[in-house]
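What follows is a short report on a single structure.
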Amino acid sequence: MATRVGDWLDERLGWGSLWQAIFLRKIPKVNWLYTLGSATLFVAVNQVVTGILLTIYYVPTPDHAYNSVQFITTQVSAGWLIRGLHHWGASAMVVLSFLHMLRVIYYGSYKFPREMTWLTGVLLLIIVLGFGFTGYLLPWDQKAYWATTVGTRIFEVTPGIGELLLRVMRGGEELSAVTLARFYGIHIWLLPAALLFLISVHLYLVIRIGISAVPKRGD
Ligand code: HEM
């Protein structure tokens, strides 16, 4: 019965060939270093799920941000766990995407025909760092406030557009409610949308082109 329903749906949706292309495709003999991309993907899913859960209690205003984070950590059931997973997941994501990139460099996997996979990877790394930068401000404690004061200052030394960049990032001269709202908006809307789009293109290319083999001497 189940197979008949499956066949009926497959005839109309064609998901069998999709399954084939994603999970049953042929891959060369690779090693554990090739799991770093999937590990990054796993943590990305963790970040999205725990991040969505955090928005239920987090309040992005200077009056309430700090207290709402304390409330999540001490009062909400499993709040400490959700926040912990998101907090440590953020560092894991930076480390893993970096290691994944080093694997790609070490094996020369960025070469033809994978230049676009590399390019989308570079953009993904920038987005991952953007998540870290914008997320760091959200607890609105002393560490967050001063780290972002220094972080945004660094952009000020950009030749020509430095001052403009600083003002756009802060939403004024100093860090304020506008900065917090801006960072929060970027952290939960702009960056996740860009992340999902780029991961889709990245994985489409990985599947379309196929994974590179471990290079042999003389390749
Ligand atoms: C959110 C971050 C990222 C995710 C989720 C991700 C995911 C993946 C996955 C699942 C694969 C296939 C398995 C593997 O080779 O490990 C892959 C391959 C690849 N990735 Fe990434 N990646 C990310 C970031 C990057 C970065 C930062 C770069 C380089 C700048 C990059 C460049 C590549 C390349 C060139 C391949 C093809 C490798 C080959 O064919 O051997 N990726 N990625």
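Assess whether THR158 counts as being of a type in the set (Ser, Thr, Tyr) and buried (at least 16 other Cβ atoms within 10 Å of the Cβ).
Answer is no for this residue.
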For this session: Can you confirm whether the stretch 173-191 contains a residue that is surrounded by 20 or more Cβ atoms within 10 Å (Cβ to Cβ) and farther than 20 Å from ALA90 by Cα?
Result: yes
Exercise. Are any residues in the stretch 168-205 within 20 Å of THR148 (Cα to Cα) and of a type in the set (Val, Ile, Thr), and if so, which ones?
Worked result: VAL168, VAL178, THR179, ILE186, ILE188
Exercise. Do we have THR55 as in contact (Cβ under 8 Å) with a residue 24 or more places away in the chain and exposed (fewer than 14 other Cβ atoms within 10 Å of the Cβ) here?
Worked result: yes
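Could you go through the stretch 25-47 and let me know if any residue there is within 16 Å of the ligand (Cβ to nearest atom), within 20 Å of TRP140 (Cα to Cα), modelled with pLDDT of 95 or more and out of contact with any strand residue (DSSP E or B) (no Cβ under 7 Å at 6 or more places or on another chain).
Yes: the stretch 25-47 contains one or more residues that are within 16 Å of the ligand (Cβ to nearest atom), within 20 Å of TRP140 (Cα to Cα), modelled with pLDDT of 95 or more and out of contact with any strand residue (DSSP E or B) (no Cβ under 7 Å at 6 or more places or on another chain).
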Problem set entry | Residue that is within 23 Å of the chain's Cα centre (by Cα), more than 16 Å from the ligand (Cβ to nearest atom) and of a type outside the set (D, E, K, R), where the choices are ILE199, ILE188 | ILE188
For this session: Take the stretch 128-162 and flag every residue that is more than 16 Å from the ligand (Cβ to nearest atom) and aromatic (Phe, Trp, Tyr).
Result: TYR136, TRP140, TYR145, TRP146, PHE155
Seminar exercise, completed: Flagged in the stretch 92-127 as more than 9 Å from the ligand (Cβ to nearest atom), touching a residue at least 24 places away in the same chain (Cβ under 8 Å) and under 18 Å from the mean Cα position of the chain (by Cα), in numbering order, are ALA92, VAL94, LEU99
Exercise. Assuming LYS216 fulfils every condition listed in (1) more than 30 Å from LEU54 (Cβ to Cβ); (2) over 21 Å from the mean Cα position of the chain (by Cα); (3) surrounded by fewer than 19 Cβ atoms within 10 Å (Cβ to Cβ); (4) modelled with pLDDT of 95 or more apart from one, which condition is it?
Worked result: (4)
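The values are calculated or read from the model by the stated rules, or taken from the named source; none is laboratory data. These numbers come from a predicted model, not from an experiment. Quick reminder, even Gly has a Cβ in these numbers, built from the backbone with ideal geometry, and neighbours come from all protein chains shown.
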